[in-house]
Amino acid sequence: MDKPSPLLKVSGLQAWYGQSHVLHGLSLEVGRGEIVSILGRNGAGRSTLLKALMGQVRSSGEIQFDGRSLAGLPTHAIARRGIGYVPESRDVFPTLTVEQNLLLGRKSGRAPADGWREEDVLALFPALARRHKVAAGALSGGEQQMLALGRALMGNPVLLLIDEPTEGLAPQMVEQVAHCLELLRQRQVAVLLIEQKQALALDLSQQVYVMGRGEMVFRGTPAQLTANHALQQEWLAL
């Protein structure tokens, strides 16, 4: 039986911030409905990778999504193809309510015929349902993270790029975010996840990559990474 083609396939990706060359020929794949984590120390280039995939930094190389090239497309066109992006900064609109923030996530402002609706997001995040008339700036960090995820889902993405979703969150909120990511996988939303908490990433993921100095230094299953103590010591140990 032929292996299904990946949803996202990246080959030879280079990226720059100004004159600084950050990514050096990266390749990676994400399958449909799969959670793939990217591990690495701070400064390895992981956030730059997500920004390059969303057309937010200067880059070269091949990015194929659902069989079509994303090369040269602006960010809004990439989003319309079915990719959602939740940056580490979350970027909620603090003076708007939870409800208003969610509605801004709709593509072209229209309710979808199918897929994610406001009631679906509120069912996934009960804390938001209780505060859907509250200004986003009054939410806790964990609630803002859920709102950022929920707003991205309102665009009905096939793939979500998520940067450090548990950073600074209390353990209870970390568990809720992890539960959300697992539910997304069950609903066949693929996730490319940057996560500093290695145990959490390994528990959630089907495939894992390790980045170092702007390059991929490992690709494999969570079990393979766990067994590779030398690589963990060289590229992940603090």
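A short reminder: the numbers here are calculations on the coordinates, not readings from a lab. Everything numeric here is computed off the predicted structure, so don't read it as measured data. FYI the Cβ positions are ideal-geometry reconstructions off the backbone, even for glycines, and counts take in every protein chain you see.
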Problem - Cβ crowding within 10 Å averaged over residues, with 219-230, 7-18 ranked highest first - result: 7-18, 219-230
Problem - Per residue convex hull volume, Cα atoms of the chain, in Å³ - result: 135
Completion exercise
Counting sequence-distant residues (5 or more places) and residues on other chains, those with an amide H built under 5 Å from that of G84 are V158, L159, L160, L161
Problem - Alpha-carbon centroids, the range 10-70 and the range 218-238: separation in whole Å - result: 20
Exercise for the section: Measure off 7 Å from each Cα along the Cα-to-Cβ vector at K3 and A230, then give the distance between these two points in nanometres to one decimal. Expected result: 2.4
Handout entry: Spin-label model distance (nm) - T221 vs Q186, 7 Å beyond Cα toward Cβ
Key = 2.3
Practice task
Please compute the Cα-Cα pair-distance distribution of the range 194-238 with 5 Å bins starting at 0, giving whole percents from short to long.
Solution key: 5, 22, 36, 29, 8
Practice task
Round to the nearest 10 and give me the degree value, 0 to 90, for the angle of helix 141-153's Cα axis relative to the longest principal axis of the chain.
Solution key: 90
Exercise for the section: Using only C-alpha atoms and all pairs of different ones, pull out the Kirkwood radius for the range 50-190 in Å with one decimal. Expected result: 15.5
Practice task
Please list, in chain and number order, the residues 5+ apart from V22 or on another chain whose amide H is under 5 Å from its amide H, with Hs placed from the backbone.
Solution key: A15, W16, Y17
Exercise for the section: Measure of size requested: the Rg and Dmax of the range 128-238, with Cα atoms as the atom set and Å as the unit; please supply both. Expected result: 15.7, 50
